[in-house]
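Notes follow the structure.
The values are calculated or read from the model by the stated rules, or taken from the named source; none is laboratory data. Not measured: the values here are computed from a predicted model. Cβ coordinates were reconstructed from backbone atoms using ideal geometry, including for glycine residues, and neighbour counts include every protein chain displayed. These area figures cover heavy atoms from the full protein model, side chains too; ligands, DNA and RNA do not enter into them. Shrake-Rupley method; radii C 1.70, N 1.55, O 1.52, S 1.80 Å.
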Amino acid sequence: MKEKLLGRTLLELEEVCLQLQLPKFTAKQIADWIYKKGVLDIDSMTNLSLKARQTISQYYEVGIIKPVKEAISEDGTIKYLYQYGENAFVESVLIPDKKRLTLCVSTQVGCKMNCSFCSTGKQGFLRNLDSGEIINLLRSIDEFDEVSNIVYMGMGEPFDNYDEVVKSIEILTSSWGFALSSRRITVSTSGIIPKMIKFINETSCHLAISMHNPFHEERVKIMPVEKKYSIEQVCDELRKHNWYGQRRLTFEYIVLKGINDTYYHAKEISYLLRGIEAMVNLIYYNPTPEFPFIAPSPKEMEEFQKELESFNLSTTIRQSKGQDILAACGLLSTKQLSKTK
Ligand code: SAH
Ligand code: SF4
């Protein structure tokens, strides 16, 4: 089995070159070929000597894995399915929206967090993706040059796979890598505090927090992570940072009809967010037969939005995309596949 070049940082590629007794600058050339030019094989790296290409090919391959399946929604959203070895299926979703083309990437096969409204959570946890597998979700699609934004909001909890996630961000944002601005990257978390603090200090990407309920006793019932890291502690931590600059903080809030959409919830959210410059992103619950929740009507959604705005909170309502192909938030699950394969 050959090792992959994809997913390695410049420093790691330099180590590869050192090992193979190739000049150090070869690493920069390799990074250029795999991240900027998007070649599929080592033979195509034409500014490397034939001998260098042969030496590298003995032990390494680029490591691009194409999706095994694509589904296109009526609204233009595309869902890609990948098979990363036996039983490991993951999805990514490409979402066109006006001038933007956003790719929603996964970080784990399944998820350990077990939120009670989420299909990925329901499927359980198989394993973490490595940085190469995360980067592959971008590099393997034909549209990779046109992708303008990356959101880590697919399957898995990014901060439960912190090192590989941050490594993939390094590759996306470095000048030797994809050279994307960190302002085009958003990472969403259910609120693993120690990793959240590390992330704030070590990157400059946008951060999204899945709140979904401001009350401890209620949140703990739908998000077990609340037991260990309460949303109140999460907010206390976030209050220590300055969110007035270019770096954005958002709170995601799935509206579950009759459960988390009252005046009291709006009031408590505004209390939690006091002194924090942030946006509340209201998300329609995407129903699946496996869960008992009900989605709000557009009118109910707007009413809750008004409640929040009466407390001076900035809000947006996220329009759900790709529902017909189960590509919308919380509907990503590859459980059936893993079972049948
Ligand atoms: N694990 C991370 C990131 C992936 S989940 C997190 O939880 O933040 C991405 C978003 O989809 C989260 O805000 C999550 O709460 C939301 N989501 C999960 N299930 C959903 C559902 N049934 N309907 C709408 N959004 C859902
Ligand atoms: Fe995991 Fe996020 Fe789904 Fe919760 S909502 S189970 S953290 S993927």
Under the condition of being small (Gly, Ala, Ser) and over 20 Å from PHE117 (Cα atoms), which residue from the stretch 277-332 is surrounded by the most Cβ atoms within 10 Å (Cβ to Cβ)? ALA278
Looking only at the stretch 111-134, and only at residues there that are part of a helix (DSSP H, G or I) and of a type in the set (S, T, N, Q), the one that is nearest to ligand 2 (Cβ to nearest atom): THR120
β-branched (Val, Ile, Thr), in contact with a Lys or Arg (Cβ under 8 Å, 6 or more places away or on another chain) and in a loop (DSSP other than H, G, I, E, B): is that true of ILE294 in this structure? yes
Scan of the stretch 134-156 for residues that are open to solvent by less than 10 Å² (accessible area, probe 1.4 Å) and within 16 Å of ligand 1 (Cβ to nearest atom), ordered by number: ILE134, LEU137, ILE150, TYR152, MET155
Kindly provide the set of residues from the stretch 201-220 that are closer than 20 Å to SER106 by Cα, aliphatic (A, V, I, L, M) and surrounded by fewer than 20 Cβ atoms within 10 Å (Cβ to Cβ), ordered by number. none
Selection count where residues are closer than 19 Å to THR77 by Cβ and either among the small types (Gly, Ala, Ser) or more than 25 Å from the chain's Cα centre (by Cα) (or both), scope the stretch 268-323: 3
